[in-house]
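Reading through the structure tokens given below for one structure.
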Amino acid sequence: MAASDTAAKLRQLLLGERPRLVRFLAARGAGDQAEDLFHDLWQKLGALTDRPVGEPLSYLFRAAENLMRDTRRAALSRDRRQTDWHALADAPGDQPGGERALIAREQIAAVETALATLGPRVDAIFRRYRLDGVGQADIAAEWGISLSSVEKDLQKAYRTLADLKTRFDAE
């Protein structure tokens, strides 16, 4: 494969092998997230610089395997972090004092208000993705909108929350 059209041919092959790759990812533990991982693989290939690839099909499956491995590592790290966090939060001496609890309640109310001002769709999409753990593709299907719209709504929510955090930190 010539270096100038490597990425385009890989993307074309990726689309042709989509069912096999999704099954491959699902069989390796992705389950319902196989479609989302396939989308991530598509994005990674879109950022690929043109380098010659000797065996394109093997390359795609290796990239899918590496993506699955990275996802698994991230999940383990996240679970470990959550476990450590909950262990710290459950320590009896770490219960917040009255003032800290009041500030936390006020901040939660501010976050809820900020999300509500973005509109019901942005609020619901943010909650489904971040709190319920539903994949972006599934949310797009539920709402009957494009994946790009889901991503843009999440970006709105993230920007708003980042601005709110900056304001909290300044207080």
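The values are calculated or read from the model by the stated rules, or taken from the named source; none is laboratory data. Predicted, not measured: the structure shown is a model, and the values here were computed from it. All Cβ positions, glycine included, derive from the backbone under ideal geometry; neighbour counts span all protein chains shown. Note: accessible area is taken over every heavy atom of the protein model, side chains too, but ligands, DNA and RNA are not part of it. Shrake-Rupley method; radii C 1.70, N 1.55, O 1.52, S 1.80 Å.
Evaluate the following for E112: is it among the charged types (D, E, K, R), surrounded by fewer than 10 Cβ atoms within 10 Å (Cβ to Cβ) and farther than 30 Å from F38 by Cβ? Reasoning before the result, please.
On the way: among the charged types (D, E, K, R): yes; surrounded by fewer than 10 Cβ atoms within 10 Å (Cβ to Cβ): no; farther than 30 Å from F38 by Cβ: yes.
No: the conditions fail for E112.
What is the residue count in the range 31-61 for residues that are surrounded by 15 or more Cβ atoms within 10 Å (Cβ to Cβ) and touching a Ser or Thr at 6+ places or on another chain (Cβ under 7 Å)?
Result for the range 31-61: 2.
With respect to R159, determine if the residue is under 30 Å from V22 (Cβ atoms), open to solvent by 70 Å² or more (accessible area, probe 1.4 Å) and within 19 Å of the chain's Cα centre (by Cα). Please lay out each step first, then the result.
On the way: under 30 Å from V22 (Cβ atoms): no; open to solvent by 70 Å² or more (accessible area, probe 1.4 Å): yes; within 19 Å of the chain's Cα centre (by Cα): yes.
No: the conditions fail for R159.
Can you name the residue in the range 62-108 that is open to solvent by 90 Å² or more (accessible area, probe 1.4 Å) and hydrophobic (A, V, I, L, M, F, W, C) and, of all such residues, is modelled with the lowest pLDDT?
Step by step, filter the range 62-108, then rank; the result is L88.
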